[in-house]
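See below for the structure under consideration.
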Amino acid sequence: MQNMTNDNIMLKMQNIHKSFGSLEVLKGIDLSVAKGDVLAIIGPSGSGKSTMLRCINRLEEIDSGSIEIKGRMLVRETADGEAEYVDEAESRDVLSCTGMVFQQFNLFPHMTVLQNLLEAPVQVKKRSAAEVRPEAEELLRKVGLFDKRDCYPGRLSGGQQQRVAIARALAMNPDIMLFDEPTSALDPELTGEVLKTMRELAAEHMTMVVVTHEMAFAREAASHVMFMADGVIVEQGSPGEFFASPKQERTIAFLQNML
Amino acid sequence: MDNLLHTIMLMLEGTQITLEIFCITLVLSLPIGLLAALGRISDVKPLSLLMEFYVWVMRGTPLMLQLLFVYFALPMVGIMLSDLAAALLAFTLNYAAYFAEIFRAGIQSIGRGQYEAAKTLGMTYPQTMRRIIIPQMLRHVLPPISNETINLVKDTSLIYILAMNDLLRVARTIVQREFDMTPFVVAGVFYLIMTFVLTWAFKRLEAHYAKYDQ
Ligand SMILES: Nc1ncnc2c1ncn2[C@@H]1O[C@H](COP(=O)(O)OP(=O)(O)O)[C@@H](O)[C@H]1O
Ligand SMILES: [Mg+2]
(Lines give C-alpha, C1' and ligand atoms only; values in the text may rest on other atoms or scores of the structure.)
(Ligands and ions follow the chains in the order given, each with its own letter.)
Protein backbone atom coordinates (compact mmCIF):
# COMPACT_ATOMS: atom_id res chain seq x y z
CA MET A 1 0.00 0.00 0.00
CA GLN A 2 3.02 2.24 -0.02
CA ASN A 3 4.26 4.23 -2.99
CA MET A 4 0.89 4.68 -4.54
CA THR A 5 0.58 7.18 -7.29
CA ASN A 6 -2.70 9.00 -7.24
CA ASP A 7 -4.11 7.53 -10.42
CA ASN A 8 -3.92 3.96 -9.30
CA ILE A 9 -5.67 4.47 -6.00
CA MET A 10 -8.96 2.63 -6.30
CA LEU A 11 -10.33 3.30 -2.84
CA LYS A 12 -9.44 5.85 -0.24
CA MET A 13 -11.20 6.11 3.12
CA GLN A 14 -10.19 8.74 5.62
CA ASN A 15 -11.07 9.12 9.26
CA ILE A 16 -14.27 7.09 9.00
CA HIS A 17 -16.56 7.23 12.01
CA LYS A 18 -19.80 5.32 12.22
CA SER A 19 -22.19 4.69 15.12
CA PHE A 20 -25.38 2.68 15.45
CA GLY A 21 -27.27 4.67 18.05
CA SER A 22 -24.90 5.04 20.97
CA LEU A 23 -22.67 2.20 19.80
CA GLU A 24 -19.60 3.50 18.00
CA VAL A 25 -18.65 0.79 15.53
CA LEU A 26 -15.97 2.51 13.43
CA LYS A 27 -13.63 4.77 15.35
CA GLY A 28 -11.53 6.54 12.76
CA ILE A 29 -10.65 4.16 9.94
CA ASP A 30 -8.07 5.15 7.30
CA LEU A 31 -7.63 2.92 4.34
CA SER A 32 -6.16 2.97 0.85
CA VAL A 33 -6.43 0.29 -1.77
CA ALA A 34 -4.45 0.45 -5.01
CA LYS A 35 -5.35 -1.10 -8.33
CA GLY A 36 -4.79 -4.85 -8.23
CA ASP A 37 -4.51 -4.99 -4.45
CA VAL A 38 -6.14 -7.85 -2.64
CA LEU A 39 -6.82 -6.61 0.86
CA ALA A 40 -7.80 -9.23 3.41
CA ILE A 41 -9.50 -7.90 6.53
CA ILE A 42 -9.52 -10.15 9.54
CA GLY A 43 -10.59 -9.67 13.12
CA PRO A 44 -12.94 -10.92 15.80
CA SER A 45 -16.68 -10.96 15.29
CA GLY A 46 -18.33 -7.62 16.06
CA SER A 47 -15.20 -5.59 15.42
CA GLY A 48 -16.85 -3.61 12.60
CA LYS A 49 -15.47 -5.40 9.52
CA SER A 50 -18.81 -5.79 7.75
CA THR A 51 -19.84 -2.26 8.65
CA MET A 52 -16.63 -0.90 7.16
CA LEU A 53 -17.12 -2.87 3.96
CA ARG A 54 -20.75 -1.80 3.71
CA CYS A 55 -19.76 1.84 4.14
CA ILE A 56 -17.66 1.59 0.98
CA ASN A 57 -20.72 1.03 -1.23
CA ARG A 58 -23.13 3.03 0.89
CA LEU A 59 -25.15 0.12 2.24
CA GLU A 60 -24.38 1.99 5.46
CA GLU A 61 -23.76 5.72 5.67
CA ILE A 62 -20.86 7.11 7.65
CA ASP A 63 -21.21 9.86 10.28
CA SER A 64 -17.95 11.59 9.47
CA GLY A 65 -14.94 11.11 7.25
CA SER A 66 -14.50 10.88 3.49
CA ILE A 67 -14.56 8.15 0.86
CA GLU A 68 -13.15 8.35 -2.64
CA ILE A 69 -13.55 5.63 -5.23
CA LYS A 70 -11.33 5.68 -8.33
CA GLY A 71 -10.54 9.30 -7.61
CA ARG A 72 -14.18 10.32 -7.40
CA MET A 73 -15.72 11.62 -4.20
CA LEU A 74 -18.56 9.59 -2.70
CA VAL A 75 -18.71 11.42 0.60
CA ARG A 76 -16.68 14.35 1.90
CA GLU A 77 -16.15 15.77 5.33
CA THR A 78 -17.54 19.27 5.82
CA ALA A 79 -15.78 21.96 7.84
CA ASP A 80 -17.77 21.05 10.95
CA GLY A 81 -16.85 17.39 10.62
CA GLU A 82 -20.08 16.04 9.20
CA ALA A 83 -20.18 13.55 6.33
CA GLU A 84 -21.73 14.98 3.20
CA TYR A 85 -22.69 12.59 0.41
CA VAL A 86 -22.80 13.47 -3.26
CA ASP A 87 -26.27 13.41 -4.83
CA GLU A 88 -28.09 10.20 -5.67
CA ALA A 89 -27.21 10.08 -9.36
CA GLU A 90 -23.53 10.83 -8.77
CA SER A 91 -23.41 8.29 -5.96
CA ARG A 92 -24.88 5.62 -8.22
CA ASP A 93 -22.34 6.47 -10.88
CA VAL A 94 -19.36 6.47 -8.51
CA LEU A 95 -20.45 3.13 -7.07
CA SER A 96 -21.05 1.54 -10.47
CA CYS A 97 -17.45 0.30 -10.47
CA THR A 98 -17.97 -1.70 -7.29
CA GLY A 99 -19.40 -5.19 -6.92
CA MET A 100 -20.27 -7.06 -3.76
CA VAL A 101 -20.51 -10.66 -2.65
CA PHE A 102 -22.47 -11.39 0.51
CA GLN A 103 -22.15 -14.06 3.15
CA GLN A 104 -25.72 -15.20 2.39
CA PHE A 105 -25.29 -15.11 -1.44
CA ASN A 106 -28.54 -13.14 -1.94
CA LEU A 107 -29.20 -14.57 -5.38
CA PHE A 108 -32.60 -13.74 -6.87
CA PRO A 109 -34.51 -16.99 -6.19
CA HIS A 110 -37.19 -16.41 -8.81
CA MET A 111 -34.68 -16.19 -11.65
CA THR A 112 -32.50 -18.85 -13.19
CA VAL A 113 -28.74 -18.67 -12.81
CA LEU A 114 -28.37 -17.07 -16.24
CA GLN A 115 -31.20 -14.61 -15.58
CA ASN A 116 -29.46 -13.61 -12.34
CA LEU A 117 -26.42 -12.64 -14.38
CA LEU A 118 -28.36 -10.84 -17.12
CA GLU A 119 -30.59 -8.83 -14.78
CA ALA A 120 -28.33 -5.90 -13.89
CA PRO A 121 -26.58 -5.44 -17.27
CA VAL A 122 -29.99 -5.43 -18.99
CA GLN A 123 -31.95 -3.38 -16.45
CA VAL A 124 -29.25 -1.00 -15.26
CA LYS A 125 -26.98 -0.64 -18.27
CA LYS A 126 -29.88 -1.05 -20.71
CA ARG A 127 -27.93 -3.52 -22.81
CA SER A 128 -29.80 -6.13 -24.83
CA ALA A 129 -30.04 -9.61 -23.37
CA ALA A 130 -28.74 -11.06 -26.64
CA GLU A 131 -25.59 -8.95 -26.34
CA VAL A 132 -24.94 -9.74 -22.66
CA ARG A 133 -25.73 -13.42 -22.89
CA PRO A 134 -22.39 -14.62 -24.35
CA GLU A 135 -20.49 -12.66 -21.69
CA ALA A 136 -22.68 -14.09 -18.95
CA GLU A 137 -22.19 -17.61 -20.28
CA GLU A 138 -18.45 -17.04 -20.39
CA LEU A 139 -18.50 -15.95 -16.74
CA LEU A 140 -20.49 -19.04 -15.83
CA ARG A 141 -17.92 -21.20 -17.60
CA LYS A 142 -15.22 -19.43 -15.65
CA VAL A 143 -16.82 -20.28 -12.30
CA GLY A 144 -17.58 -23.79 -13.57
CA LEU A 145 -21.35 -23.51 -13.61
CA PHE A 146 -22.22 -23.21 -17.28
CA ASP A 147 -24.23 -26.43 -17.16
CA LYS A 148 -26.34 -24.99 -14.31
CA ARG A 149 -27.32 -21.87 -16.23
CA ASP A 150 -31.00 -22.80 -16.44
CA CYS A 151 -31.32 -23.97 -12.83
CA TYR A 152 -32.99 -21.94 -10.13
CA PRO A 153 -30.66 -20.99 -7.25
CA GLY A 154 -32.68 -23.08 -4.80
CA ARG A 155 -31.47 -26.22 -6.55
CA LEU A 156 -27.77 -25.37 -6.15
CA SER A 157 -25.42 -26.09 -3.27
CA GLY A 158 -24.19 -23.17 -1.18
CA GLY A 159 -20.81 -23.25 -2.87
CA GLN A 160 -22.41 -23.17 -6.30
CA GLN A 161 -24.72 -20.34 -5.28
CA GLN A 162 -21.80 -18.28 -4.06
CA ARG A 163 -19.91 -18.82 -7.32
CA VAL A 164 -23.02 -17.65 -9.19
CA ALA A 165 -23.12 -14.60 -6.91
CA ILE A 166 -19.52 -13.82 -7.81
CA ALA A 167 -20.28 -14.22 -11.50
CA ARG A 168 -23.37 -12.02 -11.13
CA ALA A 169 -21.28 -9.23 -9.61
CA LEU A 170 -18.63 -9.65 -12.33
CA ALA A 171 -21.27 -9.36 -15.05
CA MET A 172 -21.36 -5.62 -14.31
CA ASN A 173 -17.61 -5.36 -15.02
CA PRO A 174 -16.65 -3.87 -11.67
CA ASP A 175 -13.16 -2.58 -10.92
CA ILE A 176 -13.38 -3.33 -7.21
CA MET A 177 -14.94 -6.41 -5.68
CA LEU A 178 -16.03 -6.43 -2.05
CA PHE A 179 -16.47 -9.75 -0.26
CA ASP A 180 -18.11 -10.05 3.15
CA GLU A 181 -17.16 -13.43 4.60
CA PRO A 182 -18.04 -15.20 1.35
CA THR A 183 -17.38 -18.68 2.75
CA SER A 184 -18.73 -18.33 6.29
CA ALA A 185 -22.20 -19.68 5.46
CA LEU A 186 -20.80 -22.73 3.66
CA ASP A 187 -20.18 -26.26 4.81
CA PRO A 188 -16.43 -26.72 5.21
CA GLU A 189 -16.17 -29.04 2.21
CA LEU A 190 -17.68 -26.33 -0.03
CA THR A 191 -15.42 -23.42 0.89
CA GLY A 192 -12.63 -24.67 -1.39
CA GLU A 193 -14.47 -24.14 -4.66
CA VAL A 194 -15.39 -20.56 -3.73
CA LEU A 195 -11.88 -19.72 -2.54
CA LYS A 196 -10.51 -21.16 -5.77
CA THR A 197 -12.71 -18.82 -7.79
CA MET A 198 -11.54 -15.90 -5.65
CA ARG A 199 -7.89 -16.86 -6.06
CA GLU A 200 -8.35 -16.94 -9.83
CA LEU A 201 -9.88 -13.49 -9.67
CA ALA A 202 -6.94 -12.24 -7.60
CA ALA A 203 -4.53 -13.78 -10.11
CA GLU A 204 -6.22 -11.68 -12.81
CA HIS A 205 -5.39 -8.59 -10.73
CA MET A 206 -8.93 -7.76 -9.77
CA THR A 207 -8.89 -5.21 -6.94
CA MET A 208 -10.49 -6.97 -4.00
CA VAL A 209 -11.40 -6.17 -0.41
CA VAL A 210 -12.16 -9.40 1.40
CA VAL A 211 -13.44 -9.79 4.94
CA THR A 212 -12.58 -13.36 5.82
CA HIS A 213 -11.80 -15.93 8.47
CA GLU A 214 -9.84 -18.03 5.97
CA MET A 215 -6.27 -17.48 7.12
CA ALA A 216 -4.85 -19.60 4.31
CA PHE A 217 -6.55 -17.34 1.77
CA ALA A 218 -5.29 -14.20 3.50
CA ARG A 219 -1.76 -15.63 3.66
CA GLU A 220 -1.56 -16.91 0.10
CA ALA A 221 -3.88 -14.83 -2.05
CA ALA A 222 -3.87 -11.41 -0.39
CA SER A 223 -1.37 -8.67 -1.11
CA HIS A 224 -2.18 -6.94 2.17
CA VAL A 225 -3.64 -8.08 5.46
CA MET A 226 -5.39 -5.85 7.94
CA PHE A 227 -6.42 -6.75 11.47
CA MET A 228 -9.40 -4.91 12.94
CA ALA A 229 -10.63 -4.93 16.52
CA ASP A 230 -13.16 -2.73 18.30
CA GLY A 231 -13.65 -0.44 15.34
CA VAL A 232 -10.00 0.41 14.77
CA ILE A 233 -7.27 -0.96 12.53
CA VAL A 234 -4.85 -2.55 14.94
CA GLU A 235 -2.19 -3.72 12.53
CA GLN A 236 -1.58 -4.19 8.83
CA GLY A 237 1.12 -5.33 6.46
CA SER A 238 2.06 -7.73 3.73
CA PRO A 239 0.91 -11.29 4.48
CA GLY A 240 4.52 -12.40 4.90
CA GLU A 241 5.45 -10.03 7.70
CA PHE A 242 1.93 -9.90 9.16
CA PHE A 243 1.71 -13.64 9.78
CA ALA A 244 5.42 -14.23 10.49
CA SER A 245 5.93 -11.42 12.95
CA PRO A 246 2.78 -9.73 14.19
CA LYS A 247 3.67 -6.84 16.48
CA GLN A 248 0.56 -5.97 18.43
CA GLU A 249 -0.50 -8.11 21.36
CA ARG A 250 -4.12 -8.29 20.19
CA THR A 251 -3.02 -9.48 16.76
CA ILE A 252 -0.84 -12.16 18.28
CA ALA A 253 -3.64 -13.35 20.56
CA PHE A 254 -6.11 -13.42 17.67
CA LEU A 255 -3.77 -15.33 15.36
CA GLN A 256 -2.99 -17.85 18.07
CA ASN A 257 -6.71 -18.51 18.42
CA MET A 258 -7.19 -18.93 14.68
CA LEU A 259 -4.30 -21.30 14.00
CA MET B 1 -87.70 -31.69 -15.11
CA ASP B 2 -88.62 -28.91 -17.52
CA ASN B 3 -89.19 -26.75 -14.53
CA LEU B 4 -85.71 -27.41 -13.15
CA LEU B 5 -84.15 -26.63 -16.51
CA HIS B 6 -86.06 -23.37 -16.63
CA THR B 7 -84.90 -22.52 -13.11
CA ILE B 8 -81.32 -23.23 -14.04
CA MET B 9 -81.54 -21.05 -17.14
CA LEU B 10 -82.90 -18.17 -15.10
CA MET B 11 -80.17 -18.62 -12.54
CA LEU B 12 -77.46 -18.72 -15.15
CA GLU B 13 -78.52 -15.21 -16.05
CA GLY B 14 -78.16 -14.20 -12.41
CA THR B 15 -74.76 -15.86 -12.39
CA GLN B 16 -73.71 -13.54 -15.18
CA ILE B 17 -74.18 -10.49 -12.95
CA THR B 18 -72.38 -12.26 -10.13
CA LEU B 19 -69.44 -13.14 -12.37
CA GLU B 20 -69.35 -9.67 -13.83
CA ILE B 21 -69.05 -8.08 -10.38
CA PHE B 22 -66.50 -10.70 -9.37
CA CYS B 23 -64.22 -10.35 -12.39
CA ILE B 24 -64.25 -6.57 -12.64
CA THR B 25 -63.69 -6.16 -8.90
CA LEU B 26 -60.76 -8.56 -9.02
CA VAL B 27 -59.16 -6.95 -12.06
CA LEU B 28 -59.43 -3.48 -10.50
CA SER B 29 -58.71 -4.20 -6.86
CA LEU B 30 -55.52 -6.23 -7.31
CA PRO B 31 -53.49 -3.44 -8.97
CA ILE B 32 -55.07 -0.77 -6.76
CA GLY B 33 -54.23 -2.90 -3.73
CA LEU B 34 -50.64 -3.19 -4.90
CA LEU B 35 -50.36 0.56 -5.37
CA ALA B 36 -51.88 1.13 -1.95
CA ALA B 37 -49.37 -1.31 -0.43
CA LEU B 38 -46.47 0.50 -2.09
CA GLY B 39 -47.86 3.80 -0.78
CA ARG B 40 -48.23 2.31 2.67
CA ILE B 41 -44.56 1.25 2.84
CA SER B 42 -43.20 4.37 1.16
CA ASP B 43 -41.03 6.88 2.97
CA VAL B 44 -43.44 9.66 2.06
CA LYS B 45 -45.13 9.97 5.42
CA PRO B 46 -48.42 11.65 4.37
CA LEU B 47 -48.95 9.03 1.66
CA SER B 48 -48.16 6.20 4.03
CA LEU B 49 -50.55 7.59 6.69
CA LEU B 50 -53.29 8.15 4.12
CA MET B 51 -53.03 4.54 2.95
CA GLU B 52 -53.04 3.28 6.52
CA PHE B 53 -56.20 5.29 7.18
CA TYR B 54 -57.86 3.99 4.01
CA VAL B 55 -57.11 0.38 4.89
CA TRP B 56 -58.27 0.94 8.46
CA VAL B 57 -61.63 2.36 7.37
CA MET B 58 -62.32 -0.24 4.70
CA ARG B 59 -61.40 -3.17 6.91
CA GLY B 60 -62.99 -1.69 10.02
CA THR B 61 -66.51 -1.22 8.62
CA PRO B 62 -68.89 -3.78 7.11
CA LEU B 63 -68.86 -4.17 3.36
CA MET B 64 -72.65 -4.03 3.50
CA LEU B 65 -72.45 -0.56 5.03
CA GLN B 66 -69.98 0.56 2.38
CA LEU B 67 -72.32 -0.69 -0.34
CA LEU B 68 -75.30 1.15 1.12
CA PHE B 69 -73.20 4.26 1.59
CA VAL B 70 -72.07 4.37 -2.01
CA TYR B 71 -75.57 3.53 -3.23
CA PHE B 72 -77.53 6.03 -1.16
CA ALA B 73 -75.11 8.70 0.01
CA LEU B 74 -73.30 9.54 -3.22
CA PRO B 75 -76.51 10.50 -5.09
CA MET B 76 -77.27 12.93 -2.24
CA VAL B 77 -74.09 14.85 -3.03
CA GLY B 78 -74.91 14.77 -6.70
CA ILE B 79 -72.82 11.80 -7.79
CA MET B 80 -75.09 9.57 -9.83
CA LEU B 81 -73.81 6.07 -10.51
CA SER B 82 -75.56 3.17 -12.12
CA ASP B 83 -76.36 0.26 -9.79
CA LEU B 84 -73.56 -1.75 -11.27
CA ALA B 85 -71.02 1.07 -11.02
CA ALA B 86 -72.00 1.76 -7.41
CA ALA B 87 -71.58 -1.91 -6.51
CA LEU B 88 -68.24 -2.10 -8.32
CA LEU B 89 -66.95 1.02 -6.60
CA ALA B 90 -67.73 -0.30 -3.13
CA PHE B 91 -66.41 -3.79 -3.85
CA THR B 92 -63.22 -2.51 -5.45
CA LEU B 93 -62.40 -0.06 -2.66
CA ASN B 94 -63.09 -2.71 -0.05
CA TYR B 95 -61.16 -5.53 -1.67
CA ALA B 96 -58.24 -3.31 -2.66
CA ALA B 97 -57.79 -2.53 1.04
CA TYR B 98 -57.65 -6.22 1.95
CA PHE B 99 -55.27 -6.94 -0.91
CA ALA B 100 -53.13 -3.96 0.14
CA GLU B 101 -52.62 -5.49 3.58
CA ILE B 102 -51.73 -8.86 2.08
CA PHE B 103 -49.28 -7.29 -0.37
CA ARG B 104 -47.72 -5.14 2.34
CA ALA B 105 -47.10 -8.16 4.57
CA GLY B 106 -45.74 -10.05 1.55
CA ILE B 107 -43.34 -7.29 0.61
CA GLN B 108 -42.12 -6.98 4.18
CA SER B 109 -41.46 -10.73 4.35
CA ILE B 110 -38.73 -10.41 1.69
CA GLY B 111 -35.33 -10.21 3.32
CA ARG B 112 -33.08 -7.16 3.34
CA GLY B 113 -30.47 -9.12 1.42
CA GLN B 114 -32.52 -8.96 -1.79
CA TYR B 115 -32.65 -5.16 -1.64
CA GLU B 116 -28.94 -4.98 -0.86
CA ALA B 117 -27.99 -7.32 -3.70
CA ALA B 118 -30.08 -5.25 -6.13
CA LYS B 119 -28.59 -2.02 -4.83
CA THR B 120 -25.00 -3.21 -5.16
CA LEU B 121 -25.82 -4.16 -8.76
CA GLY B 122 -26.87 -0.57 -9.39
CA MET B 123 -30.62 -1.12 -9.51
CA THR B 124 -32.91 1.75 -8.49
CA TYR B 125 -35.72 1.37 -5.97
CA PRO B 126 -38.45 1.14 -8.65
CA GLN B 127 -36.39 -1.43 -10.57
CA THR B 128 -35.80 -3.40 -7.40
CA MET B 129 -39.50 -3.46 -6.53
CA ARG B 130 -40.66 -4.30 -10.04
CA ARG B 131 -38.05 -6.90 -10.93
CA ILE B 132 -36.96 -8.42 -7.62
CA ILE B 133 -39.35 -7.81 -4.74
CA ILE B 134 -42.86 -7.86 -6.23
CA PRO B 135 -42.40 -11.05 -8.29
CA GLN B 136 -41.20 -12.89 -5.18
CA MET B 137 -43.91 -11.32 -3.04
CA LEU B 138 -46.68 -12.41 -5.45
CA ARG B 139 -45.61 -15.99 -5.06
CA HIS B 140 -45.63 -15.75 -1.25
CA VAL B 141 -49.10 -14.18 -1.10
CA LEU B 142 -50.91 -16.60 -3.39
CA PRO B 143 -52.58 -18.51 -0.53
CA PRO B 144 -54.07 -15.45 1.24
CA ILE B 145 -55.02 -13.88 -2.12
CA SER B 146 -56.74 -17.13 -3.00
CA ASN B 147 -58.72 -16.96 0.27
CA GLU B 148 -59.83 -13.40 -0.33
CA THR B 149 -60.79 -14.18 -3.89
CA ILE B 150 -63.04 -17.00 -2.73
CA ASN B 151 -64.56 -14.63 -0.18
CA LEU B 152 -65.25 -12.23 -3.01
CA VAL B 153 -67.29 -14.82 -4.88
CA LYS B 154 -69.50 -15.19 -1.84
CA ASP B 155 -69.54 -11.47 -1.00
CA THR B 156 -70.98 -10.68 -4.43
CA SER B 157 -74.27 -11.94 -2.99
CA LEU B 158 -74.40 -8.73 -0.92
CA ILE B 159 -75.51 -6.79 -4.00
CA TYR B 160 -78.81 -8.52 -3.36
CA ILE B 161 -79.69 -5.48 -1.23
CA LEU B 162 -79.15 -3.16 -4.17
CA ALA B 163 -81.96 -4.89 -6.05
CA MET B 164 -79.64 -6.24 -8.70
CA ASN B 165 -80.60 -9.59 -10.13
CA ASP B 166 -77.57 -11.57 -9.13
CA LEU B 167 -77.55 -15.30 -8.59
CA LEU B 168 -78.86 -15.15 -5.03
CA ARG B 169 -81.65 -12.69 -5.77
CA VAL B 170 -82.87 -14.69 -8.76
CA ALA B 171 -82.94 -17.77 -6.54
CA ARG B 172 -84.95 -16.02 -3.87
CA THR B 173 -87.43 -14.64 -6.38
CA ILE B 174 -88.17 -18.13 -7.69
CA VAL B 175 -88.40 -19.59 -4.21
CA GLN B 176 -90.93 -16.94 -3.15
CA ARG B 177 -92.97 -17.39 -6.30
CA GLU B 178 -93.10 -21.16 -6.39
CA PHE B 179 -92.61 -22.22 -2.75
CA ASP B 180 -89.86 -24.54 -3.88
CA MET B 181 -86.45 -24.68 -2.18
CA THR B 182 -84.66 -26.16 -5.20
CA PRO B 183 -83.31 -22.79 -6.43
CA PHE B 184 -81.41 -22.31 -3.16
CA VAL B 185 -79.79 -25.69 -3.63
CA VAL B 186 -78.99 -24.83 -7.24
CA ALA B 187 -77.52 -21.48 -6.12
CA GLY B 188 -75.38 -23.30 -3.58
CA VAL B 189 -74.12 -25.64 -6.27
CA PHE B 190 -73.34 -22.67 -8.55
CA TYR B 191 -71.32 -20.93 -5.84
CA LEU B 192 -69.52 -24.19 -5.13
CA ILE B 193 -68.62 -24.61 -8.79
CA MET B 194 -67.20 -21.09 -8.93
CA THR B 195 -65.14 -21.46 -5.77
CA PHE B 196 -63.99 -24.89 -6.91
CA VAL B 197 -62.71 -23.52 -10.21
CA LEU B 198 -60.90 -20.73 -8.34
CA THR B 199 -59.32 -23.10 -5.85
CA TRP B 200 -58.14 -25.26 -8.72
CA ALA B 201 -56.71 -22.27 -10.62
CA PHE B 202 -54.81 -21.02 -7.59
CA LYS B 203 -53.41 -24.50 -6.95
CA ARG B 204 -52.13 -24.54 -10.52
CA LEU B 205 -50.53 -21.13 -10.02
CA GLU B 206 -48.87 -22.21 -6.80
CA ALA B 207 -47.54 -25.34 -8.46
CA HIS B 208 -46.22 -23.22 -11.32
CA TYR B 209 -44.32 -20.94 -8.94
CA ALA B 210 -43.09 -23.80 -6.79
CA LYS B 211 -40.56 -24.61 -9.50
CA TYR B 212 -37.92 -22.35 -8.02
CA ASP B 213 -38.37 -23.64 -4.51
CA GLN B 214 -35.98 -26.04 -2.97
N1 LIG C 1 -27.64 -2.23 11.42
C2 LIG C 1 -27.12 -2.27 12.66
N3 LIG C 1 -27.77 -1.73 13.71
C4 LIG C 1 -27.26 -1.75 14.94
N5 LIG C 1 -26.09 -2.31 15.25
C6 LIG C 1 -25.37 -2.88 14.26
C7 LIG C 1 -25.86 -2.90 12.92
N8 LIG C 1 -24.94 -3.54 12.13
C9 LIG C 1 -23.95 -3.88 12.97
N10 LIG C 1 -24.19 -3.52 14.24
C11 LIG C 1 -23.31 -3.70 15.37
O12 LIG C 1 -22.06 -3.16 15.03
C13 LIG C 1 -21.01 -3.95 15.55
C14 LIG C 1 -20.09 -4.34 14.43
O15 LIG C 1 -20.78 -5.22 13.57
P16 LIG C 1 -20.13 -5.80 12.23
O17 LIG C 1 -19.64 -4.68 11.42
O18 LIG C 1 -21.15 -6.69 11.64
O19 LIG C 1 -18.91 -6.63 12.80
P20 LIG C 1 -18.11 -7.82 12.11
O21 LIG C 1 -18.46 -7.89 10.69
O22 LIG C 1 -16.67 -7.49 12.36
O23 LIG C 1 -18.49 -9.06 12.84
C24 LIG C 1 -21.67 -5.12 16.26
O25 LIG C 1 -21.70 -4.84 17.62
C26 LIG C 1 -23.04 -5.15 15.67
O27 LIG C 1 -23.95 -5.66 16.59
MG1 LIG D 1 -19.43 -9.41 9.57
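The values are calculated or read from the model by the stated rules, or taken from the named source; none is laboratory data. What you see is a predicted model, and the numbers here were worked out from it, not measured in a lab. All Cβ positions, glycine included, derive from the backbone under ideal geometry; neighbour counts span all protein chains shown. Surface accessibility is based on the protein's heavy atoms, side chains included, excluding ligands, DNA and RNA. Shrake-Rupley method; radii C 1.70, N 1.55, O 1.52, S 1.80 Å.
Tabulated data for the structure shown
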| read-out | value |
| --- | --- |
| Segment B:81-148 - Kirkwood radius from inverse mean 1/r over Cα pairs (Å) | 13.7 Å |
| Accessible area of B:Ser146 in the full protein assembly, 1.4 Å probe (Å², nearest 10) | 20 Å² |
| Computed over segment B:61-199: relative contact order in percent, which uses C-alpha pairs under 8 Å that are six or more apart | 21 percent |
| Cα centroid separation - segment A:132-204 against segment A:45-107, whole Å | 23 Å |
| Relative frequency of Cα-Cα separations exceeding 19 Å in segment B:1-148, percent | 63 percent |
| Most to least accessible of B:Asp180, A:Asp187 (protein chains only, probe 1.4 Å) | A:Asp187, B:Asp180 |
| Within chain B, helix-based [θ] at 222 nm, where runs of 4 or more DSSP H residues each add -39,500 (n - 2.57), nearest 500 | -25500 deg cm²/dmol |
| Debye, to nearest 20: dipole size of the protein assembly as shown, +1 on Lys, Arg Cβ, -1 on Asp, Glu Cβ | 680 debye |
| B:Tyr125, A:Tyr85, B:Tyr98, reordered so the largest accessible area comes first (probe 1.4 Å) | B:Tyr125, B:Tyr98, A:Tyr85 |
| Hydrodynamic radius by Kirkwood, which averages 1/r over all alpha carbon pairs of the protein assembly as shown, in angstrom | 26.3 Å |
| Accessible area (Å², 1.4 Å probe, nearest 10) - B:Val197 | 80 Å² |
| Chains A and B, summed buried accessible surface - 1.4 Å probe, Å², nearest 100 | 2200 Å² |
| Violating pairs (Cα-Cα greater than 21 angstrom) within the set A:Lys18/A:Lys49; A:Lys49/A:Lys148; A:Lys27/B:Lys119 | A:Lys49/A:Lys148; A:Lys27/B:Lys119 |
| Compactness of segment A:1-88 as Cα Rg over 2.2 N^0.38 Å, two decimals | 1.08 |
| Longest to shortest principal axis, alpha-carbon extents of segment A:96-193, angstrom | 39, 27, 23 |
| Of the chymotrypsin sites (Phe, Trp or Tyr not before Pro) in segment B:133-185, those whose Cβ has at most 13 other Cβ within 10 Å and which sit in DSSP loop | B:Phe179 |
| Average beta carbon contacts from partner chains per residue of A:101-111, 10 Å cutoff | 6 |
| Stokes-Einstein D (µm²/s) once Rh is taken as the Kirkwood radius of segment B:85-214 over alpha-carbon pairs, at 20 °C in 1.002 mPa s | 121 µm²/s |
| Å² of accessible area per residue within chain B, as computed with a 1.4 Å probe and no ligands counted | 54 Å² |
| Only Lys, Arg (+1) and Asp, Glu (-1) charged, at Cβ; segment A:90-239 dipole about Cα centre in debye | 520 debye |
| Residue order for B:Ile41, A:Ile67 - accessible surface, 1.4 angstrom probe, largest first | B:Ile41, A:Ile67 |
| Estimated distance in nm for a label pair at A:Glu204 and B:Val197, the labels positioned 7 Å out from Cα along Cα-to-Cβ | 5.4 nm |
| Solvent accessible area, Å² - B:His140, 1.4 Å probe, full protein context | 100 Å² |
| Peptide B:110-116, shielding by other chains (average Cβ, 10 Å cutoff) | 4 |
| Of all accessible heavy-atom area on segment A:183-239, the percent that carbon and sulfur account for (1.4 Å) | 50 percent |
| Debye equation applied to the C-alpha atoms of chain A, log10 I(q)/I(0) at 0.10, 0.11, 0.12 Å⁻¹ | -0.50, -0.61, -0.73 |
| Degrees separating the helix B:167-178 axis from the principal Cα axis of chain B, which is the longest one | 10 degrees |
